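The values are calculated or read from the model by the stated rules, or taken from the named source; none is laboratory data. Since we're looking at a predicted model, the values are computed, not measured. Methodologically, a virtual Cβ is constructed for each residue, glycine included, from the backbone with ideal geometry; neighbour enumeration extends over all protein chains shown.
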Amino acid sequence: DTAGKVIKCKAAVIWEKSAPFSIEEIEVATPKAHEVRIKIIATGICRSDDHAVEGKLSNVKFPIILGHEAVGIVESNGENVKHIKPGDRVIPLFVPQCGQCMCCKDSRSNICIAAKLKKSVGVMSDGTTRFTCRGKQIYHFVNTSTFTEYTVVEEMAVTKIDSGASLDNTCLIGCGFSTGYGSALNTAKVHPGSTCAIFGLGGIGLAVIMGCKIAGAGRIIGVDVNPDKFNIAKELGATECINPKDYDKPVAQVILEQTGGGVDYAFECVGHIETMLAALNSSHFAYGTTVIVGVSAPESTITFDPMILLSGRTLKGSVFGGWKSKDSVPQLVSDSMAKKFDLEKLVTHRLPLDKINEGFDLLHSGKSIRTILLV
Ligand code: PAD
Ligand code: ZN
Ligand code: ZN
């Protein structure tokens, strides 16, 4: 029985910006009040983790344990944890839901103020961390830190899921799947018969396609500079795919021509300013909506002629697909168990946690969609 004791276990630590993952023995402290200690079973590799390694996310502190897309089992609780008990299957929530703040109380937003998204400082509410390694304090990542055998999160940043849920690809509901799927359903509110364009066909963009398809979109145009992504995009519902490299003119112009004036919904799932502008410019001048899902580098700015919006276009964005996390994740897990969508379609590789650097190599080379690390 490990409850009440410090746990020594294996974790993948990033010691400094751009360094590879280092498999280390770490100490995981006991959870304090309102905190939950979780045994991680499976955790996916998302491009946001890579952004963090490269210092492209604001205020990530090193050394750090990254990872935010996971499924696990509660090992023990701190005091005053109300809705979760040891043995529960859970998904950690990088966007928590405190239930008390002005955003949690407003149906229009899922960005709990406790998420501290702009200044994710890598510590728990009391200002300390629960991880140490070689005598050093190791920082947490976006309320989760899942590239480890054990982690500690706040109760508002974890939700109980069905006790029969798989302890494998269910991890994708913790980020990639839900982010893309919700961007189509909640943020864009794709309507039946509409035309959609998805820029970037990684885990996020492909999950957007799954959402567009379920919403009944008539045309779903996948855009990627890597044509290896086109087969899976079509399998998931893309009606056509465009490689911008195949044309001499800007991809937005190609889409305007092929759609007779622009798409109803454009989604940016890359994280580059150029693709954000391309998405905006490929949306219909009167009623097109563009959703930014990709995370851009800190301090980057976007410039466009305001007339682009004056005619009626909408530009918006969302984090975690607009889902109120604690409320929605258990339902998404149930929907997955009921085969409403197939998470396995997004999984290309499985590796043990020890091989995490191989998993990131696969991401960099464009060979993987999602790699699941089995912890
Ligand atoms: P990924 O690297 O698996 O996929 C990105 C895709 O974009 C790849 O297939 C690339 O080939 C493609 N691509 C690159 N350049 C271009 C280009 N110029 N034109 C078209 N396609 C291009 O990443 P992912 O799917 O894991 O994540 C995508 C982005 O979404 C990334 O910026 C990530 O940080 C962000 C994200 N946002 C949220 C959120 O809540 N908003 C959550 C998770 C991830
Ligand atoms: Zn993610
Ligand atoms: Zn809140």
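Things to note:
- Entirely in region 147-260, the helices (runs of 4 or more DSSP H) that have 1 or more residues that are closer than 22 Å to ALA52 by Cβ and within 9 Å of ligand 1 (Cβ to nearest atom): 176-182, 203-214
- Residues in region 277-312 that are under 18 Å from the mean Cα position of the chain (by Cα) and either crowded, with 18+ Cβ neighbours inside 10 Å or not hydrophobic (A, V, I, L, M, F, W, C) (or both): VAL291, ILE292, VAL293, GLY294, VAL295, SER296, PRO298.
- Odd one out for LYS234 among (1) buried (at least 22 other Cβ atoms within 10 Å of the Cβ); (2) charged (D, E, K, R); (3) out of contact with any Gly (no Cβ under 6 Å at 6 or more places or on another chain): (1)
- Scan region 66-112 for residues that are among the small types (Gly, Ala, Ser), surrounded by 14 or more Cβ atoms within 10 Å (Cβ to Cβ) and away from ligand 1 (no atom under 16 Å from the Cβ) and the total you get is 3.
- Among the residues making up region 273-297, those that are assigned to a strand (DSSP E or B) and in contact with a Gly (Cβ under 8 Å, 6 or more places away or on another chain) are SER283, VAL291, ILE292.
- Test: residue in region 342-353 that is without any contact (Cβ under 8 Å) to a residue 12 or more places away in the chain and either farther than 25 Å from SER107 by Cβ or out of contact with any Pro (no Cβ under 9 Å at 6 or more places or on another chain) (or both): yes
- Filter result (modelled with pLDDT under 85 and at negative phi) within region 97-124: ALA114, ALA115, LEU117, LYS118, LYS119, SER120, VAL121
- Subset of region 313-329 (residues that are buried (at least 17 other Cβ atoms within 10 Å of the Cβ) and farther than 24 Å from ASP49 by Cβ): ARG313, LEU315
- Here VAL375 does not qualify as under 27 Å from TYR150 (Cα atoms), within 16 Å of ligand 3 (Cβ to nearest atom) and not polar (S, T, N, Q).
- Selection count where residues are without any contact (Cβ under 8 Å) to a residue 60 or more places away in the chain and either among the aliphatic types (A, V, I, L, M) or on the phi < 0 side of the Ramachandran plot (or both), scope region 167-210: 2
- Among all positions in region 305-326, there is no residue which is assigned to a helix (DSSP H, G or I), more than 10 Å from ligand 1 (Cβ to nearest atom), closer than 25 Å to GLY176 by Cβ and aliphatic (A, V, I, L, M).
- Odd one out for ILE138, checked against (1) within 16 Å of ligand 3 (Cβ to nearest atom); (2) more than 21 Å from ASN169 (Cβ to Cβ); (3) buried (at least 23 other Cβ atoms within 10 Å of the Cβ): (1)
- Pairs linking a residue in region 95-112 that is in contact (Cβ under 8 Å) with a residue 12 or more places away in the chain and farther than 16 Å from VAL319 by Cα to a residue that is within 8 Å of ligand 3 (Cβ to nearest atom) and of a type in the set (Val, Ile, Thr), with Cβ atoms under 6 Å and 6 or more positions apart or on different chains, are CYS101/ILE113.
- Filtering region 9-65 to residues that are part of a loop (DSSP other than H, G, I, E, B) and buried (at least 23 other Cβ atoms within 10 Å of the Cβ) leaves PHE21, PRO31, ILE45, CYS46, ILE65.
- Count of region 164-183 residues which are in contact with a strand residue (DSSP E or B) (Cβ under 7 Å, 6 or more places away or on another chain) and buried (at least 24 other Cβ atoms within 10 Å of the Cβ): 8
- Residue check: VAL6 meets all listed conditions (1) crowded, with 23+ Cβ neighbours inside 10 Å; (2) touching an Asp or Glu at 6+ places or on another chain (Cβ under 7 Å) but one, namely (1).
- Every listed requirement among (1) surrounded by fewer than 17 Cβ atoms within 10 Å (Cβ to Cβ); (2) of a type in the set (Gly, Ala, Ser); (3) on the phi < 0 side of the Ramachandran plot is met by GLY127 save one, (3).
- Residue identified as at pLDDT below 95 and acidic (Asp, Glu) among ASP1, ASP50, ASP88: ASP1
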